[in-house]
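Colleague: Input: one structure, supplied below.
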Amino acid sequence: MEKLHAIYRFLILLMAVGSVCCSSKAHEPISAEMEEAIEIVYMHFDRWKNNEASFFELLAEDAVWIVNGKSPVSGKYNGKADFLERAVQPIAAKLKTPLNPELMNLTADGANVWLHFKASATTRNDAIYENTYLWKMQLKNGKIIHCTAFLDTYELTNLMTDNINRMSKTMEETRDYIGVWVTADGNIRHELMPGNRYDEARGNRKSAYQGSYKVTGNHIDYKDDTGFTADGEFKDGILYHAGMILYKENK
């Protein structure tokens, strides 16, 4: 065990020294207290990476954790239990596989340990979630007592709202095409109904066109009841059809 600690200490000192070599504090030695804090974080991160333990075992029971930015889980959490219940568990519920973390950098200033890493996982909907994190942590008695977490909240929001899966799937798979599609001026109201039937109103003419349709991927083919055919394409949630641009009506 002592040999293992010595290896950890050597590796983290290499990272810590390398991180500050070009800064104005390059010649300031790392205190013994901060050296120990970095070692503790490194050891827990390594165990997390190897699926031996959760990194959050390092949290003090009364730890304060702040998720920066704007996302469904951004905000301040008072206590380990609060953070695990309202942030960690909801995120984990969206994932099929555990987060796989890769260390990018680990260093410290006079009061904080800075952990920089990236992580990825497969979601419940078989999409890929990837993010990059920077955690600014204060430790006391070998436990994290305060952390401010910085990350790409756009990616986190997509995960929490299932947008990752929706962006990776076609309209055929999501069936988001079902509903009413309207031109910006409201003149054309184009309803795609379940059962592969459509009904199109033009101005005051209700049911001006009716027929069947088929969606393949993001492409749609129409066959009107009078016999003529047409097609269209869904791009970024917009329907381009017969020279028209239609937007889905939100009810």
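Values quoted throughout were computed directly from the atomic coordinates according to the rules given, and no laboratory measurement underlies them. Since this is a predicted model, take the numbers as computed values, not measurements. Cβ atoms come from the backbone with ideal geometry, glycine included; neighbour counts cover every protein chain shown.
Colleague: Write out the trypsin sites (Lys or Arg not before Pro) in the range 106-139 meeting two conditions: DSSP loop, and at most 16 other Cβ atoms within 10 Å of their Cβ.
Modeller: Values: sites: 118, 124, 136; in loops: 124.
Those satisfying the criteria are 124.
Colleague: Are there GluC sites (Glu not before Pro) in the range 154-251 that DSSP marks as loop and that have at most 13 other Cβ atoms within 10 Å, and which are they?
Modeller: Details: sites: 155, 172, 173, 191, 200, 233, 249; in loops: 249.
Answer in residue order: 249.
Colleague: Same structure again: Normalising by the residue count of the range 37-106, find the relative contact order in percent from Cα pairs under 8 Å and 6+ residues apart. Don't jump to the answer; show the numbers that get you there.
Modeller: Numbers: 53 pairs, mean separation 17.2, N = 70.
With pairs under 8 Å counted, the relative contact order is 25 percent.
Colleague: Can you list which of the DSSP-assigned H helices in the chain have a Cα extent of 24 Å or more along the long axis and an average Kyte-Doolittle score of at least 1.0?
Modeller: Result, helices passing both filters: 2-20.
Colleague: Reachable lysines from residue 140, Cα under 21 Å, same-chain residues fewer than 8 places away excluded?
Modeller: Filter leaves 76, 80.
Colleague: Using θ = phi - 60° and the Karplus curve 6.51 cos²θ - 1.76 cosθ + 1.60, what whole-Hz ³J(HN,Hα) does each residue of the range 197-213 get, with Gly and Pro shown as x?
Modeller: So the Karplus estimates, Gly and Pro as x, are 10, 10, 9, 10, 9, 10, x, 8, 8, 6, 6, 5, 9, 9, x, 10, 8 Hz.
Colleague: Please list, ordered by chain and number, the residues whose modelled amide H lies under 5 Å from the amide H of residue 53; skip anything fewer than 5 residues away on the same chain.
Modeller: Long-range HN contacts for residue 53: 48.
Colleague: Over 32 Å, how big is the tail of the calculated P(r) for the chain, in percent of all Cα pairs? Intermediate values should be presented prior to the final figure.
Modeller: Working: 14157 of 31375 pairs.
The calculated P(r) of the chain puts 45 percent of pairs beyond 32 Å.
Colleague: Follow-up. For residue 81 paired with residue 206, estimate the spin-label separation in nm (one decimal), with each label point 7 Å from Cα along the Cα-to-Cβ line.
Modeller: Label at residue 81, label at residue 206, 5.9 nm between them.
Colleague: For residue 170, which sequence-distant residues (separation of 5 or more, or a different chain) have an amide H within less than 5 Å of its own amide H, given hydrogens modelled in the peptide plane?
Modeller: none
Colleague: Between residue 50 and residue 35, what is 0.36 nm times their sequence separation minus the Cα-Cα distance? Round to one decimal in nm. Each step should come with its number before you reach the end.
Modeller: Details: separation 15, 0.36 × 15 = 5.40 nm, distance 2.26 nm.
Extending this stretch completely gives an extra 3.1 nm.
Colleague: Could I ask something else about it? What lysines sit close enough to residue 169 to cross-link, taking a C-alpha to C-alpha distance under 27 Å and skipping anything fewer than 8 places away on the same chain?
Modeller: Cα-Cα hits under 27 Å: 70, 94, 96, 118, 214, 223, 235, 248, 251.
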